[in-house]
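S.K.: Got a structure for you, questions after.
The values are calculated or read from the model by the stated rules, or taken from the named source; none is laboratory data. Every value quoted in this text rests on a predicted model; they were computed, and no experiment measured them. Cβ sites come from the backbone with ideal geometry, for glycine too, and all protein chains shown count toward neighbours.
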Amino acid sequence: MPSKQPRISFEYFPPKTADGREKLLEVTTPALNELNPEFFSVTYGAGGTTRDTTCDVVSAMRSQGIDVAPHLSFGGDNEDAVGALIDTYVERDIKRLVALRGDTPSGMGGASQLVYANELVAFIRERTGDHFEIEVAAYPEIHPEANSYDSDIGFLKAKLDAGANSAITQYFFNVEAYFYFLDQCSAAGIDKPIYAGIMPIINFANLARFSRNCGAEIPRWICQRVEGYGKDQDSVLKFGIEVVTQLCQTLLDSGAPGIHFYTMNQVEPTREIYRNLGL
Ligand code: FAD
């Protein structure tokens, strides 16, 4: 019997400019869509800062017939505003959502409320029943604010029990962290799929900075290797593709249910990794 194909999805962030929007919709999306992903997703700026752009991009993609999931969090909004956005997505035939607590935008201090993701999932289910396939976030290397490894898994279970269908992980480079996490989730009674979030290595300085904030570890050997390439960006990219291809291959060979690529709105290197994997 042929084994089940892994689920592949691609993530974007909403472009900031009209040129960026045009490139994303007319160049990047057709090229990545050729790879036949199950769906695309589009992030939601911290605190709802991209409310309109996220909605605009997903609506445009949906009208091209593409299956696309907006990310959503309460940000600083109240139930009426979040409910109205959800209703818009229903009207525009959006069938998936990625439900998050999100973070407060930098510079806003604690001004904005943060509604936990399990509460958002319950809110979506109460308002729209089974209309949406809902994804939530998971953290194989632990969410940076979590009280403990076990409590973080407990809250992941709460999101899934509230009605989410599956989870997508924060990106990681330590494959053992992911499979250990799956085992611990299973022991905690989680039986829904947890897809691996994978970040191609593109701009290493940005990746290192972002990783410090979100609690994803870049192994020392990767940092050392990249440091050795100095300003030779071509070698960094080539090395990044090799490392991430190997990571994905190990994940798929070891039974990961699928991969969610954080594409950074670029066709390459996601496409090259995808091809290397023979998907
Ligand atoms: P939650 O699941 O609510 O957890 C947040 C923290 O609180 C954790 O430490 C958890 O242990 C704890 N916790 C959870 N529930 C409870 C509870 N009921 N009571 C007490 N404590 C609790 N950010 C964006 O701004 N926009 C995006 O589009 C975006 N997309 C993402 C996509 C993916 C796949 C991933 C992995 C992350 C994404 N993020 C995004 C980042 C995410 O918003 C942050 O990591 C945020 O800090 C936590 O969101 P969450 O939904 O995981 O929160």
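S.K.: Starting from residues that are part of a helix (DSSP H, G or I) and either modelled with pLDDT under 95 or aromatic (Phe, Trp, Tyr) (or both), keep the ones in segment 141-171 and report whichever is farthest from residue 73 (Cα to Cα).
M.R.: The qualifying residue farthest from residue 73 (Cα to Cα) is 149.
S.K.: So, one more: Restricted to segment 66-84, and to residues that are in a helix (DSSP H, G or I) and either at positive phi or surrounded by fewer than 19 Cβ atoms within 10 Å (Cβ to Cβ) (or both), which residue is farthest from the ligand (Cβ to nearest atom)?
M.R.: 80
S.K.: Looking only at segment 34-65, which residues are more than 9 Å from the ligand (Cβ to nearest atom) and either over 17 Å from residue 88 (Cβ atoms) or of a type in the set (Asp, Glu) (or both)?
M.R.: Across segment 34-65, the qualifying residues are 34, 35, 36, 37, 38, 39, 40, 52, 56, 64, 65.
S.K.: Something else now. Could you list, in sequence order, the residues of segment 134-145 that are without any contact (Cβ under 8 Å) to a residue 60 or more places away in the chain and surrounded by fewer than 16 Cβ atoms within 10 Å (Cβ to Cβ)?
M.R.: 145
S.K.: For segment 241-278, give me each residue that is basic (Lys, Arg) and surrounded by 16 or more Cβ atoms within 10 Å (Cβ to Cβ).
M.R.: 271
S.K.: Among the residues of segment 124-140, which ones are away from the ligand (no atom under 11 Å from the Cβ) and either in a strand (DSSP E or B) or closer than 12 Å to residue 184 by Cβ (or both)?
M.R.: Correct list: 133, 134.
S.K.: Could you tell me which numbered condition residue 44 fails, if it satisfies all but one of (1) on the phi > 0 side of the Ramachandran plot; (2) within 18 Å of the chain's Cα centre (by Cα)?
M.R.: It is condition (1) that residue 44 fails.
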